[in-house]
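Please read the structure below before turning to the comments.
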Amino acid sequence: LSLGLEVHQSHSDLIKKAGDKVQIFCSHERTDYRVILWYQQSPGDTAMKLIGYLHYQDPSIEDAYKKDFGMSGDLGGNTAKNASLIIQTLEQNHTAVYYCAAREAQ
């Protein structure tokens, strides 16, 4: 069963230097999907670790990521949904593949 949800993410490839601020964007068109989740997959690791999620405008970030990561966006209203993951000060251990996903609010 396919719900036909396409989640779009920028940037597909991003190279930055230590100390930079990084913002990754995620969007989709489903007006009833008001949660965007963010995951991190580190090099050489098959696990995708949950960074946290944005529910409407409220971020919930896992303890291990609270120091360096933030989230923003507004998933309310009946329009396309947009959110972003923010790394305040980039460090070497932030090198990873980042994924966003969307789901309905419960």
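Descriptive notes on the structure:
- Atom-type composition of the exposed protein surface of the stretch 26-105 places 47 percent of the accessible area on carbon and sulfur (1.4 angstrom probe).
- For the stretch 90-106, Karplus couplings with θ = phi - 60° (6.51, -1.76, 1.60), whole Hz, Gly/Pro x: 5, 10, 3, 6, 8, 4, 5, 9, 10, 10, 10, 9, 10, 8, 5, 6, 10
- Accessible solvent surface per residue of the chain, calculated while the other protein chains remain in place, 1.4 angstrom probe, Å²: 62
- Eligible aspartates and glutamates near Lys49 by straight Cα distance, threshold 13 Å, same-chain separation 8 or greater: Glu62, Asp63
- Projecting label points 7 angstrom from Cα along Cα→Cβ for Glu62 and Glu29 puts them 3.2 nm apart.
- Per-selection metrics, the stretch 11-106 (Cα): Rg and Dmax in Å: 13.3, 40
The values are calculated or read from the model by the stated rules, or taken from the named source; none is laboratory data. Everything numeric here is computed off the predicted structure, so don't read it as measured data. In this analysis, Cβ positions are derived from the backbone assuming ideal geometry, glycine residues included, and neighbour counts consider all displayed protein chains. For the accessible areas, the whole protein counts, side chains as well, though only heavy atoms, and no ligand, DNA or RNA atoms are used. Shrake-Rupley method; radii C 1.70, N 1.55, O 1.52, S 1.80 Å.
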